[in-house]
1. Cut-off is 10 Å between beta-carbons; in what order do 148, 153, 73 appear when sorted fewest neighbours first?
2. Using the Cα gyration tensor of the stretch 36-141, with a ≥ b ≥ c the square roots of its eigenvalues, what is the shape: rounded (a/c below 1.5), prolate (a/b larger than b/c) or oblate (neither)?
3. Using the basic label-point model (7 angstrom from Cα toward the beta carbon), what is the residue 192 to residue 205 distance in nanometres?
4. Quote the FRET efficiency, to the nearest 0.05, computed for residue 149 versus residue 20 with a Förster distance R0 of 35 Å and r equal to the Cβ-Cβ distance.
5. At what distance in nm do the modelled label points of residue 157 and residue 63 sit from each other, each positioned 7 Å from its Cα along Cα→Cβ?
6. Quick one: grab the alpha carbon gyration tensor of the stretch 147-206, order the square roots of its eigenvalues as a ≥ b ≥ c, and give me rounded if a/c is under 1.5, else prolate or oblate depending on whether a/b is larger than b/c.
7. Grab the DSSP H runs of the chain that are 4 residues or longer, score each as -39,500 (n - 2.57), total them, divide by all residues and round the 222 nm result to the nearest 500 deg cm²/dmol.
8. I'd like the projected area of the chain, averaged over all directions, using the convex hull of its alpha carbons. Report it in nm² with one decimal.
Amino acid sequence: MFSLTKRHAVILLGVVLLVVVAGWVLYQNYYQPQTVTGESQQQAETPAGVGQSADNARVKMLESQLAEAALQIAELKNKPPDTIIQTVPVEVEKVVIKEVEKRGANFAIVTDPANPDKTVDLTEVASMPEGTTVNLNQYNVYAYRKVIRGFNIIPDWSESVKKASPRIQELTFDASRRITKDGKYLGGVVGYDFKHDEAKAGIRYSF
């Protein structure tokens, strides 16, 4: 039988800790979500462009959500965007991230209104001379579904204990539609209360 000595155990623990620390460092440097993605205006108006930004931000979106976001960006092309960034080059990404957090968005796409065919390179922007005025468009993207549905089971604990088997007190089903960009929903809920033998219906507001 193989047994570890105290010295071997300490060495093994040290190796495990080293692997954990190395993994954490790699994650911090290479796998962190990228909240801001620079794109051309044309690219930002396509589901593929939005999808690329979503992938960079580690955000999962349905094809319908990508298409909806791309359409909204295209519709805003000739209107004021969510935010017009006017700051010094080195502060651009910080300003965008702050705006994303302020508005409760999942990520943002940045484009150059003066060069709609050119992809914005944030590294290039940050290296511009200090006195350069930066003027970019920011489109905030919200990864919320149009409709959410829920099915709820409420057990009757007292009866379950008494009968020594699971007992359901109430079943409900709800469906809500998104009413704001930042993920607020309004809908209805229906259900049945088995304990009191009555049907239920109501309004559901989620935020």
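1. On the way: 148 16, 153 11, 73 24.
The fewest-first ordering by Cβ neighbours comes to 153, 148, 73.
2. Working: a/c = 1.80, a/b = 1.53, b/c = 1.17.
Prolate.
3. 3.0 nm
4. On the way: r = 40 Å, r/R0 = 1.13.
Step by step, r from the Cβ atoms, then E = 0.30.
5. Rounded to a tenth, the inter-label distance reads 4.5 nm.
6. Details: a/c = 4.40, a/b = 2.55, b/c = 1.72.
The shape class here is prolate.
7. On the way: 7 runs with 76 residues, N = 207.
Computed mean residue ellipticity for the chain: -11000 deg cm²/dmol.
8. On the way: hull surface 86.5 nm².
Answer in nm², one decimal: 21.6.
Read-outs throughout are calculated quantities, based only on the coordinates presented, and are distinct from any laboratory measurement. None of the values given here were measured: they were computed from a predicted structure. Because the Cβ atoms are built from the backbone with ideal geometry, glycine has one as well, and the counts that use them run over all protein chains shown.
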